[in-house]
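Visitor: Dropping a structure here in structure tokens format, bear with me for questions.
Every number here is computed from the coordinates shown, using simple stated rules; none is lab data. None of the values given here were measured: they were computed from a predicted structure. Cβ atoms come from the backbone with ideal geometry, glycine included; neighbour counts cover every protein chain shown.
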Amino acid sequence: MREENKMERLIGVLRRHYYINIITLVLLFILLLFRIIPLMQESELIGVTLERYIIMISIIAIPLALKLFARRLNKVPRPAETAIALSVYQNTSFIRLYTISAVTLLNILLFGFSRNSNFMWITVVLFIIFLYCKPSYTELANLTELPEEERATEEEMTEDSAYKTEEEEREYSENRTEDEEAAGK
């Protein structure tokens with residue numbers, strides 16, 4: 001029960017970071033989109049080369065952050081101790097969240113400076129990506145449980161041993177009755 005409380009507390013902290021981060025980025029984006037906070041009076045021209053590099057960074061950072069998260073969680077041996085699972089999940093969640101947040105902030109600021117619609121649309125895509133970054137209690141709980149395949153084989157082994165035990169018990173009782181009958185005659 002105590003371990004579940006620790007896991008719920010960690011998910012609460014991660015969700016707080018998640019929501020505060022998204023709300024801050026969305027507010028900044030809306031303020032810049034409607035020019036409530038103008039970064040520049042006139043739009044600055046950003047070179048095509050810089051624009052391409054920023055777009056490439058965005059395109060590379062999204063799957064890289066998501067894949068890194070999945071790979072680091074898959075490397076954790078299952079069932080993991082709760083302390084190890086909490087530590088790994090927290091660190092990888094922060095890396096994923098703040099990597100995507102940094103790229104989003106970069107695109108928002110560049111949109112504010114240049115008013116280039118490419119940066120605006122990449123920012124919208126990044127906000128959609130945030131939907132896949134929400135911390136989940138089930139992901140964390142899966143780190144402390146056996147994988148599905150091992151659980152299935154373990155159940156089969158227990159069922160097999162139960163059958164063997166029943167068969168051995170039946171054979172023993174049959175042998176005992178035969179021995180008692182032989183001794184009684």
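Visitor: Taking neighbour counts of Cβ atoms within 10 Å as a proxy for exposure, in what order, fewest first, do ARG96, ARG115, ARG9 appear?
Guide: The most exposed by this proxy come first: ARG9, ARG115, ARG96.
Visitor: Treat the count of other C-beta atoms within 10 Å as a stand-in for reagent exposure and order TYR18, TYR98 from fewest to most.
Guide: TYR98, TYR18
Visitor: Continuing with the same structure: Tell me, what HN-Hα J-couplings in whole Hz come from the Karplus equation 6.51 cos²θ - 1.76 cosθ + 1.60 at θ = phi - 60° for each residue of segment 101-118, using x for Gly and Pro?
Guide: Using θ = phi - 60°, the values come out as 5, 5, 5, 5, 4, 4, 5, 5, 5, 5, 5, x, 6, 9, 6, 6, 5, 4 Hz.
Visitor: ³J(HN,Hα) across segment 90-98 via Karplus (A = 6.51, B = -1.76, C = 1.60, θ = phi - 60°), whole Hz, x for Gly/Pro?
Guide: 3J(HN,Hα) across segment 90-98, in whole Hz: 5, 4, 5, 5, 5, 4, 4, 4, 7.
Visitor: Any chance you could run the full-extension gain for ILE55 through SER117? It's 0.36 nm times the residue separation minus the Cα-Cα distance, nm to one decimal.
Guide: 21.1 nm
Visitor: Now, a different point. Going by C-beta contacts inside 10 Å, put ARG72, ARG35 in order with the fewest on the left.
Guide: Ascending number of Cβ neighbours within 10 Å: ARG35, ARG72.
Visitor: Another question about this same structure. Pick out, from LEU39, ILE100, PRO135, the residue whose Cα sits farthest towards the positive end of the charge dipole of segment 2-145, with +1 on the Cβ of Lys and Arg and -1 on the Cβ of Asp and Glu.
Guide: PRO135
Visitor: Using a basic spin-label model with each label point 7 Å from the Cα along Cα→Cβ, how many nm lie between ARG9 and LEU146?
Guide: 3.0 nm
Visitor: Give the residue list of chymotrypsin sites (Phe, Trp or Tyr not before Pro) in segment 32-84 that are DSSP loop and have at most 10 other beta-carbon atoms within 10 angstrom.
Guide: Those satisfying the criteria are PHE34.
Visitor: Next question, about the same structure. Stretched out fully, how many nm does the piece from THR138 to ILE37 gain, at 0.36 nm a residue minus the Cα gap?
Guide: Extending this stretch completely gives an extra 32.4 nm.
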